[in-house]
Amino acid sequence: MAMATVKLSSPAAGLLAGGRTRRSAPARRATVIRAAAGSYSDELVSTAKSVASPGRGILAIDESNATCGKRLSSIGLDNTEANRQAYRQLLLTTASLGEYISGAILFEETLYQSTTDGKKFVDCLKDQNIMPGIKVDKGLVPLPGSNNESWCQGLDGLASRCAEYYKQGARFAKWRTVVSIPCGPSALAVKEAAWGLARYAAIAQDNGLVPIVEPEILLDGDHGIETTLEVAEKVWSEVEATLNLNAMNQSPNPWHVSFSYARALQNSVLKTWQGRPENVEAAQKALLVRAKANSLAQLGRYTGEGESAEAKKGMFQKGYTY
């Protein structure tokens with residue numbers, strides 16, 4: 001039971017089961033993963049169905065500490081564990097979040113954190129029927145023998161890490177790898193990406209975690225046509241991810257089309273919070289507004305009426321890293 005995500009815009013947008021890559025040319029199909037899941041088989045199916053439930057999607061807060069620090073610095077906060085914990089507590093303790101969010105992808109630090117009252121974050125999620133997920137890849141490194149391309153590391157020790165994550169309460173996992181069109185892509189890079197995703201998915205399932213398979217075709221580059229990148233950036237800067245999702249759900253689909261968003265859900269929250277305790281309630285309301293909007297989009301009912309100017313801003317960033 002594997003789940004595939006693709007990118008609809010710069011935030012992490014997902015097609016669950018049967019996804020396609022995010023380029024304008026004919027897309028490659030996602031690798032089909034099958035693995036013996038042993039005693040976890042029934043639970044894996046139940047988890048996948050819950051994460052893919054109608055009207056809900058995934059809140060991605062699996063940014064590395066460095067990337068989280070960049071977001072905190074945008075509102076004048078230092079990158080400390082206390083500040084990261086406070087921001088994640090704001091997100092994960094939002095009342096009624098489970099009405100619109102089915103799963104939350106966490107960074108390893110977050111998986112083991114608790115609220116200031118001592119309640120584990122994973123328990124905060126479970127109380128709202130939100131499945132806790134975990135980012136398990138260890139990031140991109142140069143791929144020797146390639147066209148200046150990358151491969152995703154993290155397979156070493158993955159089985160034992162997945163087992164520990166399961167014990168801590170995680171029930172699904174995410175592994176993101178990338179393929180760069182301007183660099184080829186070389187046959188080696190494509191093969192390495194597919195092999196890594198397949199090994200990860202099999203290991204995750206064997207340890208009770210539903211694997212989200214995320215092969216990202218990078219937008220950077222002109223893809224052989226001089227104006228492609230310029231046009232793509234202009235288009236994506238004007239069409240919000242929520243509108244893309246809504247358009248895709250105007251007619252029945254053979255697969256479940258939903259969202260797995262980070263910045264599309266968090267941007268307005270950060271700017272509302274500003275690191276001030278007195279703004280927590282308002283920031284949580286901002287999160288619910290964004291979550292509900294994307295819930296409506298998943299059902300094909302989103303109109304964009306009443307949205308703030310901030311929510312409508314484009315979020316494309318060239319060379320964005322997590």
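The values are calculated or read from the model by the stated rules, or taken from the named source; none is laboratory data. On a predicted model such as this, the values are computed, not experimentally measured, just so you know. Here the Cβ is made from the backbone with ideal geometry for all residues, glycine too, and neighbour counts use every protein chain on show. Please note that ligands, DNA and RNA were not included when accessible areas were found on the heavy atoms of the full protein model with its side chains. Shrake-Rupley method; radii C 1.70, N 1.55, O 1.52, S 1.80 Å.
A few remarks follow.
- Screening residue 17 with (1) at pLDDT 90 or above; (2) surrounded by 15 or more Cβ atoms within 10 Å (Cβ to Cβ); (3) among the aliphatic types (A, V, I, L, M) gives one miss only, at (1).
- Among (1) among the aromatic types (Phe, Trp, Tyr); (2) more than 28 Å from residue 87 (Cα to Cα); (3) touching a helix residue (DSSP H, G or I) at 6+ places or on another chain (Cβ under 8 Å); (4) open to solvent by 40 Å² or more (accessible area, probe 1.4 Å), the one test that residue 112 misses: (2)
- Restricting the stretch 180-194 to residues that are outside any loop (DSSP other than H, G, I, E, B) and either in contact (Cβ under 8 Å) with a residue 40 or more places away in the chain or polar (S, T, N, Q) (or both), the residue that is most open to solvent (accessible area, probe 1.4 Å): 188
- For the residues 228, 242, 177, the requirement of being at pLDDT below 85, out of contact with any strand residue (DSSP E or B) (no Cβ under 6 Å at 6 or more places or on another chain), crowded, with 22+ Cβ neighbours inside 10 Å and not aliphatic (A, V, I, L, M) singles out 242.
- Which listed residue is more than 17 Å from the chain's Cα centre (by Cα), open to solvent by less than 50 Å² (accessible area, probe 1.4 Å) and small (Gly, Ala, Ser), from 103, 69, 98: 69
- A count restricted to the stretch 148-168 and to residues that are in contact (Cβ under 8 Å) with a residue 24 or more places away in the chain and either charged (D, E, K, R) or part of a strand (DSSP E or B) (or both) stands at 5.
- Checking each residue in the stretch 274-304 for being assigned to a loop (DSSP other than H, G, I, E, B), within 20 Å of residue 239 (Cα to Cα) and either of a type in the set (Ser, Thr, Tyr) or open to solvent by less than 70 Å² (accessible area, probe 1.4 Å) (or both) picks out 299, 300, 302, 303, 304.
- In the stretch 46-62, the condition of being open to solvent by 10 Å² or more (accessible area, probe 1.4 Å), within 25 Å of residue 294 (Cα to Cα), modelled with pLDDT under 90 and of a type outside the set (Gly, Ala, Ser) is met by at least one residue.
- From the options 145, 118, residue that is assigned to a loop (DSSP other than H, G, I, E, B) and in contact (Cβ under 8 Å) with a residue 24 or more places away in the chain: 145
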